[in-house]
Amino acid sequence: MVNKHREMVNLGLIGCGAMGSELARSVQRGEAGPARIIAVFDQSTSARNKLAQELSRGQSPPLIEANTITDLTLIDELDLVVECASQQVVASHAVSIVSAGKSMLIMSSGAMIEPGLMQIVMAAAEKSGASLYIPSGAVGGIDALRASKAVLEEVTIVSSKPPVALSGAPGFADWEDKKITEPTVIFQGSATKAVPLFPANVNVAATVSLAGIGPDSTKVVVIADPDSPGNVHEIKAISHAGVFSFRFENRPHDTNPKTSFLAVLAAVETLRSICEPSLRIGT
């Protein structure tokens, strides 16, 4: 979707956790340009109620609390669905959302490396006229990867996080009861294998792989480091155009250590570029 006339863009939010709530507040403060949240959904009724009540203060009409994702998608005034929930939500609902003509911004980009899903979602979006957006998340350099995609030879991303940020991930199960006192490699392999093992931790690896040489060829290393300054991502790309290296030391979100604050800012900036399309900087 392109907001050529700077009209108010009506957003529906899926996921009222730390990231979704922070993004919604940014939209309400006007940081995403001419946009407003008109509906929210979360599997947790209490989380949904809490955010809806907060955002509805002084707003008329009040926000719609959708009981299901389908109910949210059927709202006529809705222009764009913002997903801040999970890879499972994307895998289960992205096709139906864009098929209904609603554009979609996807934060859980790891879902899109599932074989064939990207092609199916894109085909549905093309048929309905919807658009699909995947923000850069907790890293930069995505524009360089996209620009050099045809000449990339190798891409590696090393993610170092405090053990608490990896806790609960299937790929960290064998380490949950172990005391980690020094940087420890938890995983080495492709983005294809990393994403299901660390579904809430390496969406950034999925985004890097989608922008570059694909999930099967993108190398991922996950490190648990008790002295890590935050969620640290190091990307190295080798191509015929040159060698690119990027390092990001991200501050974890105050209420969710698995999420970097930069990921929220990147989503807000993506929304702003949609709502205010007259200026675009970067590829």
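The values are calculated or read from the model by the stated rules, or taken from the named source; none is laboratory data. Owing to the predicted nature of the structure, the values given are computational and were not obtained by experimental measurement. Please note: Cβ atoms are built from the backbone with ideal geometry, for glycine as well, and neighbour counts cover all protein chains shown.
The residue list ALA194, ALA206, ALA211 contains one member that is touching a strand residue (DSSP E or B) at 6+ places or on another chain (Cβ under 8 Å) and either crowded, with 19+ Cβ neighbours inside 10 Å or modelled with pLDDT under 95 (or both), which is ALA194. Kindly establish whether ALA144 is touching a helix residue (DSSP H, G or I) at 6+ places or on another chain (Cβ under 6 Å) and in contact (Cβ under 8 Å) with a residue 60 or more places away in the chain. Answer is no for this residue.
The residues in region 55-98 that are surrounded by 19 or more Cβ atoms within 10 Å (Cβ to Cβ) and outside any strand (DSSP E or B) can be counted, and the count is 18. Go through the residues of region 99-106 one by one and say whether even a single one is in a helix (DSSP H, G or I) and surrounded by fewer than 22 Cβ atoms within 10 Å (Cβ to Cβ). Yes, region 99-106 has at least one match. TYR133 fulfils the conditions (1) buried (at least 23 other Cβ atoms within 10 Å of the Cβ); (2) within 16 Å of the chain's Cα centre (by Cα) except for a single criterion, (1). Applying a threshold of 8 Å to beta carbon distances and a minimum spacing of six or more residues, or different chains, the list of pairs starting in region 12-29 at a residue that is touching a residue at least 24 places away in the same chain (Cβ under 8 Å) and in a loop (DSSP other than H, G, I, E, B) and ending at one that is surrounded by fewer than 23 Cβ atoms within 10 Å (Cβ to Cβ) and basic (Lys, Arg) reads CYS16/ARG48; CYS16/LYS50. Pairs meeting the criteria (first residue in region 54-79 and at pLDDT 95 or above, second residue surrounded by 14 or more Cβ atoms within 10 Å (Cβ to Cβ) and in a helix (DSSP H, G or I), beta carbons under 6 Å, at least 6 apart or on different chains) are GLU65/ARG48; GLU65/ALA52; ALA66/LEU72; ILE69/HIS93; THR73/ILE97.
Table: residues versus (1) under 24 Å from GLY101 (Cβ atoms); (2) buried (at least 22 other Cβ atoms within 10 Å of the Cβ); (3) modelled with pLDDT under 95.
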position: VAL2; (1), (2), (3): yes, no, yes
position: HIS5; (1), (2), (3): yes, no, yes
position: MET8; (1), (2), (3): yes, no, yes
position: GLY20; (1), (2), (3): yes, yes, no
position: ALA24; (1), (2), (3): yes, yes, no
position: ALA35; (1), (2), (3): yes, yes, no
position: GLN43; (1), (2), (3): no, no, no
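In region 243-268, the qualifying residues are those that are of a type in the set (Ser, Thr, Tyr) and buried (at least 17 other Cβ atoms within 10 Å of the Cβ), and the one that is modelled with the highest pLDDT is SER260. Residues of region 246-272 that are under 21 Å from GLU234 (Cα atoms) and hydrophobic (A, V, I, L, M, F, W, C): PHE246, PHE248, PHE261, LEU262, ALA263, VAL264, LEU265, ALA266, ALA267. Taking ALA124 as the residue in question, decide whether it is outside any helix (DSSP H, G or I) and outside the structural domain of HIS233 (by TED's automatic domain parsing). Considered against the rule, which asks whether it is outside any helix (DSSP H, G or I) and outside the structural domain of HIS233 (by TED's automatic domain parsing), ALA124 comes out as no.
Where strands (runs of 3 or more DSSP E) sit wholly within region 209-265, those with at least 2 residues that are of a type in the set (Val, Ile, Thr) and within 17 Å of ILE113 (Cβ to Cβ) occupy 219-224.
The number of residues in region 30-53 that are in contact with a Cys (Cβ under 7 Å, 6 or more places away or on another chain) and either without any contact (Cβ under 8 Å) to a residue 24 or more places away in the chain or assigned to a helix (DSSP H, G or I) (or both) comes to 3. If the condition is being in a loop (DSSP other than H, G, I, E, B) and under 22 Å from GLY189 (Cα atoms), then region 141-173 contributes GLY141, PRO162, SER167, GLY168, ALA169. Select from region 214-224 the residues that are touching a Lys or Arg at 6+ places or on another chain (Cβ under 8 Å) and either among the small types (Gly, Ala, Ser) or surrounded by fewer than 21 Cβ atoms within 10 Å (Cβ to Cβ) (or both) and list them in ascending order. Correct list: ILE223, ALA224.
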